[in-house]
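Below is one structure; the comments refer to it alone.
The values are calculated or read from the model by the stated rules, or taken from the named source; none is laboratory data. Please read all numbers here as calculations on a predicted model, not as lab measurements. Every residue, glycine as well, gets a Cβ built from its backbone with ideal geometry; the counts of neighbours run over all protein chains shown. SASA here: full protein model, heavy atoms, side chains in, ligands and nucleic acids out. Shrake-Rupley method; radii C 1.70, N 1.55, O 1.52, S 1.80 Å.
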Amino acid sequence: MDKLVIERSILINAPCEQVWDALTNPDKMAQWFVPNLPGAELKRDDKGKVTIHMGPMAVDFVILDMSDAPRQVTSHSLPDQSLDVTFKLVEQSGGTQVTVSVSGFESLADNTRKDRLELVGAGWDKALQNLKAFVDGAALPFPQAPVGPLFGYWREPNQKLAIERSIWIDAPRERVWRAITNPKQIQSWFSPNTVWQLSALEIGGRFFVHNAEDNGEMYVEIIDVLNPYNQLVTRTVPEPPDTVVKTKAYTLIEENQGTRLIVTLTGYEPESDDTRWNHMEQDAFGFGMMLQNTKAYIEGKELPFPMGF
């Protein structure tokens with residue numbers, strides 16, 4: 001297979017060192033790279049790992065490889081590291097030509113690869129214009145530009161908008177399957193202080209939380225697909241006044257003597273433009289955090305987010 005790469009370029013009227021600072025200084029990255037997360041603070045450790053801090057919560061974001069400063073920096077998305085984003089800086093016409101290349105699409109499943117490409121390209125068109133405006137000291141042209149598409153977290157399968165995250169887990173598929181289908185285990189990694197129940201592990205079965213006030217069910221998800229050790233698909237039951245139905249698919253794939261767990265969420269089309277993009281952004285990062293908890297629980301490690309979601 002030919003290597004698939006998305007590439008975009010922009011000329012910025014500033015010296016290379018200034019552009020480099022905007023690309024690697026966490027305080028400056030936060031202003032143009034994640035402008036739609038007001039109040040978010042980016043921090044980088046001595047190994048290049050950048051985390052997003054929002055109040056008491058810290059979310060792993062990217063690892064920066066800055067070994068070729070100040071000419072090239074590569075971002076590896078976390079926690080899945082599925083796509084790599086490389087910025088190359090070249091002095092040109094008294095300014096800096098910035099070229100961003102997104103690679104790693106070959107590692108994705110054949111049926112997920114194509115529908116990401118357009119979203120990734122369109123996302124970087126906006127992000128680079130935001131970078132240029134920030135360096136120029138101008139207002140961002142796309143202050144609500146989401147981050148999710150830039151790293152391939154968004155998909156458009158069958159002309160439907162979706163977010164998708166994945167993580168590799170050091171355990172066989174049978175073990176991962178139990179963690180996502182046993183309500184007691186779901187409670188352990190998803191909501192330690194909330195008890196989940198399951199009517200039956202079958203098509204039409206319901207995951208839910210008991211509502212003590214009216215003896216009813218809350219947060220109901222109905223099983224639509226049940227293919228043991230391979231795929232679980234559930235459908236939400238909206239709670240009034242919400243009317244949007246979301247479909248969540250867990251897909252388990254054997255990989256490197258372990259399991260890659262992929263979570264795909266669809267159903268955003270009925271939402272208005274005013275809410276859709278923010279919800280997709282929140283879900284893209286939220287599912288990344290959730291997968292970190294799932295991995296830690298299955299591997300017998302401390303949960304990175306012990307309070308759950």
Do we have residue 22 as without any contact (Cβ under 8 Å) to a residue 40 or more places away in the chain, over 23 Å from residue 291 (Cβ atoms) and not in a loop (DSSP other than H, G, I, E, B) here?
no
List the number of the failed condition for residue 89; all other conditions in (1) in a strand (DSSP E or B); (2) open to solvent by 20 Å² or more (accessible area, probe 1.4 Å) hold.
(2)
With respect to residue 53, determine if the residue is under 16 Å from the mean Cα position of the chain (by Cα) and over 15 Å from residue 24 (Cα atoms).
yes
In region 142-172, what residues are of a type in the set (Gly, Ala, Ser) and either closer than 19 Å to residue 79 by Cα or assigned to a helix (DSSP H, G or I) (or both)?
148, 152, 162, 166, 171
Quickly run through region 148-171 and pick out the residues that are over 29 Å from residue 115 (Cα atoms) and open to solvent by 50 Å² or more (accessible area, probe 1.4 Å).
none
Name the single residue that is modelled with the lowest pLDDT among those in region 262-276 being under 18 Å from the mean Cα position of the chain (by Cα) and under 18 Å from residue 157 (Cβ atoms).
276
Starting from residues that are without any contact (Cβ under 8 Å) to a residue 40 or more places away in the chain and more than 20 Å from residue 77 (Cα to Cα), keep the ones in region 280-305 and report whichever is surrounded by the most Cβ atoms within 10 Å (Cβ to Cβ).
301
Having 3 or more residues that are in contact with a helix residue (DSSP H, G or I) (Cβ under 9 Å, 6 or more places away or on another chain) and surrounded by 14 or more Cβ atoms within 10 Å (Cβ to Cβ) is the bar; report the strands (runs of 3 or more DSSP E) wholly within region 173-273 that clear it.
247-255, 258-266
Filtered residue count, region 95-142, keeping only those that are more than 25 Å from residue 284 (Cα to Cα) and without any contact (Cβ under 8 Å) to a residue 24 or more places away in the chain:
3
Identify all residues within region 12-27 that are over 24 Å from residue 40 (Cβ atoms) and surrounded by 14 or more Cβ atoms within 10 Å (Cβ to Cβ); write none if there are none.
14, 15, 16
Determine, yes or no, whether residue 96 is crowded, with 17+ Cβ neighbours inside 10 Å and over 21 Å from residue 9 (Cβ atoms).
no
Reported set for region 52-74 where residues are open to solvent by less than 20 Å² (accessible area, probe 1.4 Å) and either out of contact with any Ser or Thr (no Cβ under 8 Å at 6 or more places or on another chain) or more than 23 Å from residue 15 (Cβ to Cβ) (or both) is 52, 59, 61, 62
Out of curiosity, is residue 212 over 24 Å from residue 151 (Cβ atoms) and among the aliphatic types (A, V, I, L, M)?
yes
So residue 67 passes all but one of these: (1) assigned to a strand (DSSP E or B); (2) of a type outside the set (A, V, I, L, M, F, W, C); (3) in contact (Cβ under 8 Å) with a residue 12 or more places away in the chain. Which condition number does it fail?
(3)
